[in-house]
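The values are calculated or read from the model by the stated rules, or taken from the named source; none is laboratory data. Note that the coordinates shown come from a computational prediction; the quantities given were computed from them, not determined experimentally. When we count neighbours, we look across all protein chains shown, and the Cβ atoms used for this are built from the backbone with ideal geometry, even at glycine.
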Amino acid sequence: MELLGTVGSLVSLLAAVLFYFGWASTDAETRALGLRDSIFRLSTSEYLLRSVEALFLPALLLVGALLAAIGLQRWVVTSPGRTRTAVRRMRWGWLLPAALAPFYRLHPALFELVVPLVAIPGLLATAYALTRTPPETAPDTAQRRAHLQIWALSLVLCLLSLFWAVSSYAGIVGRGRAEEAARAVNTAAFPSVVVFSAKDLMIRGDGSCYQHVAGKGSAYAYRYTGLRLFYVSGDRVYLVARKWRPTRGTLWVVRENDSVRVEYVSGPRGREPEC
């Protein structure tokens, strides 16, 4: 039962980290584009899905770091002298983040990511060194209580550092996505869209075009081209025009229903006769 409880807690923590990363990266991305993430009304599952791809590299690095730590631990425990030396040095692990302070001005965004990542192993190493007792000595009740307090405080600080690191990395990922979106708006990464509507939707500017539908008996009176698909959430379709830029441009929100039809055009040829 204790194992199941531990696994459940780890899964809950992982889900919380994934959701927070999805929200933080989306928030950074939309802010860089001059928008807000609340506009898109994303669900919890969408935030989780947006976090998965960007976390592959951190997950691989984490596994590599754990394997390296296991190998180092085995190398240290093979010699009593190495163990004593390592424990003495680990007491000062909490100083590692402070040692990085002079390098803040070199790259502030990277600094805010590296500091919490360095703080986590430093705090854990310090807690281990402070609570380690020789095998031949049994800690009394007061020592156990003190050790428990040290580990509790260290784990809280590590958890805060973890969310700090996730927030910093999410900001880097989100701003990178925004830059990519600004470059790729007129490429295949943004599918071309044609909108038909029974009423005038007032879609104008940024390279978009509109025309009256001349066919008799048509259910639609207006046709809009020169549009790109920005995002889809439920029945809401978020569109930008082909000349859209984050610093100057309009995001249109169209709801698909009986009076509005949205067509998606793939390939470069679908873009040529747009306007």
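Miscellaneous remarks
- Flag for PRO58 being over 20 Å from the mean Cα position of the chain (by Cα) and part of a helix (DSSP H, G or I): no
- The number of residues in the range 246-274 being at pLDDT below 85 and surrounded by 13 or more Cβ atoms within 10 Å (Cβ to Cβ) comes to 6.
- Only a single item in (1) in contact with a Leu (Cβ under 6 Å, 6 or more places away or on another chain); (2) at pLDDT below 80; (3) of a type in the set (A, V, I, L, M, F, W, C) is not met by ALA86, and it is number (1).
- Hey, ALA198 touching a residue at least 60 places away in the same chain (Cβ under 8 Å), crowded, with 16+ Cβ neighbours inside 10 Å and not assigned by TED's automatic domain parsing to the domain that holds ARG89 or not: yes
- Of all residues in the range 49-72 being in contact with a Phe, Trp or Tyr (Cβ under 8 Å, 6 or more places away or on another chain) and aliphatic (A, V, I, L, M), the one that is nearest to ILE172 (Cα to Cα): ALA54
- Screening ALA219, ALA182, ALA214 for residues that are aliphatic (A, V, I, L, M) and in contact with a helix residue (DSSP H, G or I) (Cβ under 9 Å, 6 or more places away or on another chain) leaves exactly one candidate, ALA182.
- Where a residue in the range 149-168 is outside the structural domain of PHE21 (by TED's automatic domain parsing) and its partner, wherever it lies, is outside any helix (DSSP H, G or I) and hydrophobic (A, V, I, L, M, F, W, C), with Cβ under 9 Å and at least six apart: none
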